[in-house]
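The values are calculated or read from the model by the stated rules, or taken from the named source; none is laboratory data. These figures come from a predicted structure and were not determined experimentally. Here the Cβ positions follow ideal geometry from the backbone for every residue, glycine too, while neighbour counts run over all protein chains shown.
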Amino acid sequence: MRDYIRRFFIAGIMALCVGLLFLGGKHSKAAELNVEELTQDWMWPADGVISDIFGTRHGHHKGIDIAAESGSPVYSVDSGIVSKSYYSQTYGHVIFIKHSNQTETVYAHMNERLAGEGQQVSQGQKIGTMGSTGDSSGVHLHFEIHKREWTVDKENAVDPFVAFGREEIGQPVYATLNEESAHEVSAQLSQLGPGQTRIQDHTSANAELAEPGHGEEAIHIVQPGETLWGIAAVYNLSVNEIASVNNIEQNKIVSGQKLRIKLENYERYAVKKGDTLTAIANKYKTTAESIKEINKLDADFLKVGQVLIIRQK
């Protein structure tokens, strides 16, 4: 009898150990969520400029800050359910959203909240406006990502750049959901009208808007040392085509002259997360160098939401 009881007791202990190992394995698996993979289709929560990054303030800053004008829209980065929506002395007006990929996001210091607890929200839905409520020194959105759920000590916090890609303080970002909305955002920021295209670099105004006309047009401002032949080569046009549109005789151009450029064989492309110049060039059967020339790019760096003019061969 005693032997039977001893065997039963040993079996119970073994079963308990196996159960604990199983639970521990489940927790370990959850702790190893690949946030980068799970969030690859997320959008930025707001348009603005990166004003602070994860890990600053002696490691206590567990999110990123995006600064813009007061009242700027704040969007849900993905679909989910609002788990909290309230006013906090530290976070100010804040919304927490739980997503189906086992993450929870936080949107803090807002001026107003437009979604309530328990509400289902979709990706790109406006959930509030940017402000400076709570413990805040200026207008911005404080954004956090947490594995599984937010906790008071923020032990589950991860760097949001894992989801969006590494950016630097001072870098502008755009809340673009897809190519269509990227066009809209970029058009709003550039104040482009129908049928207008701006070709410029991001440090100086080398081009202006063309007047709306038949098809797409751009204005190319002749730079010192440029020739009509060289300009024609950049835009995949003939010298005669440019000369005819601009009533140029004997192929003479001067620095500062404005040339109308017909863009019949061009297309606009809004940069998406993960894009590279080479990948875009391959898609349109052109070259990275051609894209850089057309858009006056000094480097291979691209921004999500940036609209590129693509010459199609």
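Could you give me the residue pairs with C-beta distances under 6 Å whose first residue belongs to the range 44-68 and is at negative phi, whose second residue is among the polar types (S, T, N, Q) wherever it lies, and which are 6+ apart or on separate chains?
Pairs found: I50/Q171; D65/S51; A67/S51.
Go through the range 82-120 residue by residue and tally those that are surrounded by fewer than 21 Cβ atoms within 10 Å (Cβ to Cβ) and among the hydrophobic types (A, V, I, L, M, F, W, C).
Within the range 82-120, residues that are surrounded by fewer than 21 Cβ atoms within 10 Å (Cβ to Cβ) and among the hydrophobic types (A, V, I, L, M, F, W, C) number 3.
Just for the range 277-304: of the residues that are closer than 23 Å to V49 by Cα and touching a residue at least 60 places away in the same chain (Cβ under 8 Å), which one is surrounded by the most Cβ atoms within 10 Å (Cβ to Cβ)?
Among them, the one singled out is V304.
Run E32 past the list (1) touching a His at 6+ places or on another chain (Cβ under 7 Å); (2) not assigned by TED's automatic domain parsing to the domain that holds E149 and report the number of the one that doesn't hold.
(1)
Considering only helices (runs of 4 or more DSSP H) fully contained in the range 207-313, which possess at least 1 residues that are under 28 Å from the mean Cα position of the chain (by Cα), modelled with pLDDT of 75 or more and not assigned by TED's automatic domain parsing to the domain that holds M43?
In the range 207-313, 277-283, 288-295 are the helices (runs of 4 or more DSSP H) which contain 1 or more residues that are under 28 Å from the mean Cα position of the chain (by Cα), modelled with pLDDT of 75 or more and not assigned by TED's automatic domain parsing to the domain that holds M43.
Residues that are closer than 27 Å to Q40 by Cα and small (G, A, S): list the strands (runs of 3 or more DSSP E) wholly contained in the range 67-141 that include at least 3 such residues.
In the range 67-141, 80-88 are the strands (runs of 3 or more DSSP E) which contain 3 or more residues that are closer than 27 Å to Q40 by Cα and small (G, A, S).
Does I95 fit the bill of being over 21 Å from E149 (Cβ atoms), at pLDDT 90 or above, assigned by TED's automatic domain parsing to the domain that holds D153 and hydrophobic (A, V, I, L, M, F, W, C)?
For I95, the condition - over 21 Å from E149 (Cβ atoms), at pLDDT 90 or above, assigned by TED's automatic domain parsing to the domain that holds D153 and hydrophobic (A, V, I, L, M, F, W, C) - is not met.
Can you name the number of the only condition in (1) surrounded by 14 or more Cβ atoms within 10 Å (Cβ to Cβ); (2) modelled with pLDDT under 95; (3) of a type in the set (D, E, K, R) that D135 fails?
(1)
Can you tell me which residue within the range 49-69, out of those that are within 20 Å of the chain's Cα centre (by Cα) and more than 22 Å from E104 (Cβ to Cβ), is surrounded by the fewest Cβ atoms within 10 Å (Cβ to Cβ)?
Here the answer is E69.
Looking only at the range 38-54, decide whether some residue is part of a loop (DSSP other than H, G, I, E, B) and farther than 26 Å from V271 by Cβ.
So far as the range 38-54 goes, no, none of its residues is part of a loop (DSSP other than H, G, I, E, B) and farther than 26 Å from V271 by Cβ.
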